[in-house]
Structure formats: structure tokens, C-alpha cells
Amino acid sequence: MHSFYARLLLVLGTLLAVLDTVQADNPIIQSIYTADPAPIVVDDRVYLLADHDENGSTTYNMRDWRLFSSADMANWQDHGVIASIATTFPWADLNAWAGQIIARNNKFYMYLPMRRRGGNTAIGVAVADSITGPWKDALGKPLLENGRIDPTVWIDDNGQAYLYFANPGLFYVKLNTDMISYSGSIVEVSMNVASFGSGREADGTTFAEGPWVYKRNNLYYVVYAANCCSEDIRYSTGPSIMGPWTYRGVVMASAGKSFTNHPAVIDFKGKSYFFYHNGALPGGSGYTRSIAVESFTYNADGTIPLLTMTNAGAPQIGTLNPYTRNEAETMAFSSGVQTQATLDGGLAIINIEIGDYVKVAGVAFGNGAKSFYARVASATSGGKIEVRLGGVTGTLVGTCVVPGTNGWQSWQVVTCAVSGATGIKDLYLKFTGGSGYLFNVDYWQFA
Ligand code: FUB
């Protein structure tokens, strides 16, 4: 009997460990508030453009755009600020809102709405050779200025690029192949119930804002925030990028402490993903939002199933290799830490206090790690990194002492022995010891 219960506990424990290993965590960014997801797949990674609600905002207070990336949909690497109103678009003064990045001509183009100084809401375009930047304002002035927001971009099979934008209404314009100019007139999409459903918007439809246009299996989609407010997410499909659109219904009901929502849909490594935002982080609201993701399967006829917001998020694809350098700002979940650029051009996690932690999901230790090292800096007297598996209070497999290094940018590598880190486990780096801000961490690696 005894051994039956012992075995049952072992099985349940293993099951929980496996479930913990394969589940990602929503919202996917915890170090700052993020909104208006715009993912793009580049070289086996998903890059996620996000805009950024400043802490404690009670109205839109948005000044910069951030980039994150993931190879497995669970661990997200922070790439920091890639563009801001102050430094990238001096002609603008407010409202760093929802944009999108697209690749063409061996370059990346990013379409972003913001308010022109003393003027109207406008859409600017930035260009970069690499998705992580540096990004430059391509024109030094708006690409379009007509009081609309939420640009979304698609290159059709014949090479013609279309820039859609919205609120109020829905419009598109044909971009030239240089992607920084357009030809022809701006087309206003006819808003009618057959195309966008019957709803509470001023035009009698459900369409509010945040369009995301794309094509999949010969069907064109526009997914959008609907029925303000609180918004839900709906979609329409059509036989061409220019429509005509047929209303298809709700993708995600209104929920989650934010009066806006904003959709994005991609396929990545054979699976489909739906990105959105809500107010799920502590302190979350319509002005302090967070991006989340769900995986889903299209119905056989191409329709999108009804999706719900979850805490678990999308399952991890594959595992993370601990035996290469991993940036400390690669996280499945974190508590208490922020990120900041280092003086030598990278990014580090900062503002670490006692009890803060970083979770890295699905780490493939194989037969066993023997040591852990991390690049750290501390202007105080440092602290400790507890290396734990399976949970923030999970098995302690090593403890690294971090000394004071005489500065937040005075980097030093610390190392400690590790024992019992085998198989595939969620790794928790738990920060203890010391007082106040303990230390910064640039990267870590097992050996
Ligand atoms: O984040 C600012 C605005 O709120 C976006 O541009 C809209 O889509 C809505 O999410």
C-alpha cells in the first residue's frame, strides 16, 4: 500500500513537472507593460514589436517601441527600445502606438502611428538592415497624415504591398516597392454589416481599430478590435487583399481588465498563434497593458475558432540549450526585474532585489550540468543567485555568490558548482542575499 502511494505521488510529481516544463506563461512580458503586438517570423525566430505603456499610466503615456524575440514561444528575449518618439521621430511629440514590421529588399520597414508636433495623428516609416536595428526614420516626415492609426502591412503574391490603417473607418493605400512611398489614392473600405457585422460603432458595424491583414491558404483575413469598449476581437475574410470582406464573427470575447484589445496572427514552425493584450499584470488596466499569446488550429474551412485568454499561453516548442551563452533578459516569466542597455551594447536585467526571480522554460540539461556561470555587476555588496529547478522554491542545484564589483556596469564573471541538473527542467534563477538592489546580470551559461 505504502509503495502504491509512493509510486502515485512520484507519477503525479512527474506529471506536474512535465506540465510545468511544457507550458509557457501569459502575459509573455512581465518586466514592463506592453501593448499592441505585431509579430514577424525571421530566421526561425518570432520577433515581436510592442508598444509600451509607462508604469502607473492613467491615460495613454506611450513614448517608445520595444522588440522581443523567441525561438520557442515560451522564452522571450528582450531587445530593448528599437525606436522612440524622442530619438527616432523628432517631428512627432506623442502617442507611440500600434505598428508593424515587414521585410523587403533585404531590409526591414516599420510603420508606426504617432502625433505630428502641433498636428494630426500621422504614420511614419522607419527602416533598418537588421530587425534589431539600428532603426532610422526613412523620410524625416510622416508617410501619411490623415488622423488615422494602427497601420498593418501585407505584400501580396504579385509583389504589390498594401498599407491598411484605421480608426475611424478602415483604409488602404498601395505602397511602392521602395516601401517608403505610395501611389494612387487612399481607398476607404466600405463599412457595412455584411463585411464587419452589426455592432455599436458609429457606422453601425463592429469594426473599431487595430486591423491585422494577412493571407493564408488562398483566403485573405482582416482581424480587428471590435465594438469599443471594452473591445473584443472579430474578423472578416475575403478573396483578395482589397476585399470584398465577409464578416466571420468573434475570435476573442472582451475580457481581461483592458478596454482595448489588439490582434495579431502568425504561423510559426507549423503552428498558428494569436497575439493580443489585456491588463493581466499586477497594476494592469487599459493604460497599463500586457501582451499575451495563444496557440490555435484553424478549422478545416479556414475559419478561426473562438479563443479565450489563458494564463498558461502557448506551449513551448522544443527546449532551450543551457550550454551556450543565454542572455539574462531571455525569460519565460520574471518577477521584480527590469531590463536596461549595458554600456558595451547589450542588455542586462537590473533592479534586482531579494526574492526576485527569472524563469527560463524547458531547459535541456541532458546528463547533467556541473557548473553555472554568470556575468554580473554590482555597485552594492552583491548577493546570491540560487539555481533552482521546477519552481521558484524548487530543487536547489547550486548557489553562486555575487560580490560587489564597484559599479552597475563593472562586469565580472562568477561561477559555482551545480549538482542534480539533469533532463528537461524549468530553470529558476532566484536572487537572494544583500540588501537594496543586489546586482545586474548580463548573461549566464552552464558547463
Ligand atoms: O495603444 C494605443 C492604441 O490603443 C492602439 O493604437 C489601438 O489599437 C489600441 O490598442
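Details
- Taking a point 7 Å from the Cα of ASP43 along the Cα-to-Cβ direction, the residues of the stretch 85-124 with backbone N closer than 13 Å to it are 107-108.
- Across the stretch 134-145, coupling constants 3J(HN,Hα) worked out from phi with the 6.51/-1.76/1.60 Karplus curve, θ = phi - 60°, read x, 9, 10, 4, 6, 10, x, 6, x, 6, 9, 9 Hz, and Gly and Pro carry x.
- Diffusion coefficient (Stokes-Einstein, Kirkwood radius over C-alpha pairs, 10 °C, 1.306 mPa s) for the stretch 326-446: 114 µm²/s, rounded to a whole number.
- Rounded to 10°, Cα long-axis angle of helix 2-22 versus longest principal axis of the chain: 40
- Using a Gaussian network model of the chain in which every pair of alpha carbons under 10 angstrom is joined by a spring, one finds that among ALA348, ALA96, ALA369 the greatest mean-square fluctuation is at ALA369.
- Charge dipole magnitude, Cβ of K and R +1, D and E -1 - the stretch 230-298, Cα centre, debye nearest 20: 80
- For the stretch 333-348, Karplus couplings with θ = phi - 60° (6.51, -1.76, 1.60), whole Hz, Gly/Pro x: 7, 8, 9, x, 9, 10, 10, 7, 5, 8, 5, 8, x, x, 9, 9
- Close amide H contacts of SER334 (hydrogens built in the peptide plane, cut-off under 5 Å, sequence separation of 5 or more or a different chain): GLN30, LYS359.
- Applying the Karplus relation 6.51 cos²θ - 1.76 cosθ + 1.60 with θ = phi - 60° to the stretch 159-171 yields 3J(HN,Hα) values of x, 6, 9, 10, 10, 8, 7, 7, 6, x, x, 9, 9 Hz, where x marks Gly and Pro.
- Cα-derived Rg over Rh, computed across the stretch 112-163 with Rh taken as Kirkwood radius: 1.02
- Label point distance in nm, ARG325-LEU139, each placed 7 Å from Cα along Cα→Cβ: 3.9
- Computed helical MRE - 222 nm, the chain, DSSP H runs ≥ 4 contributing -39500 (n - 2.57), nearest 500: -2000 deg cm²/dmol
- Summarising the amide proton neighbourhood of GLN100: residues at separation of 5 or more, or on other chains, whose placed amide H is nearer than 5 Å comprise TYR111.
- Using the Cβ of HIS52 as centre and a radius below 14 Å, the other residues enclosed give a net charge of -3, where K and R count +1 and D and E count -1.
- Magnitude of the charge dipole, the chain, Cβ model with Lys/Arg +1 and Asp/Glu -1, debye to 20: 480
- Farthest towards the positive end of the charge dipole of the stretch 88-232, among the residues PRO113, GLY210, PRO142, is the Cα of PRO142, using unit charges on the Cβ of Lys, Arg, Asp and Glu.
- Distances between placed amide hydrogens fall under 5 Å for ALA314 paired with ALA24, VAL293, SER295, all partners being 5 or more residues away or on another chain.
- Above-threshold pairs, the threshold being 19 Å between Cα atoms, out of LYS215/LYS269; LYS359/LYS430; LYS269/LYS359; LYS384/LYS430; LYS257/LYS430: LYS269/LYS359; LYS257/LYS430
- Listed residues MET191, MET252, MET309, most fluctuating in the chain (Gaussian network, C-alpha, under 10 Å): MET191
- Once you divide the Cα radius of gyration of the stretch 27-296 by 2.2 N^0.38 Å, the number left is 0.92.
No value in this document is a laboratory result; all are computed from the given coordinates. All values derive from a computational prediction rather than experimental measurement. Cβ atoms come from the backbone with ideal geometry, glycine included; neighbour counts cover every protein chain shown.
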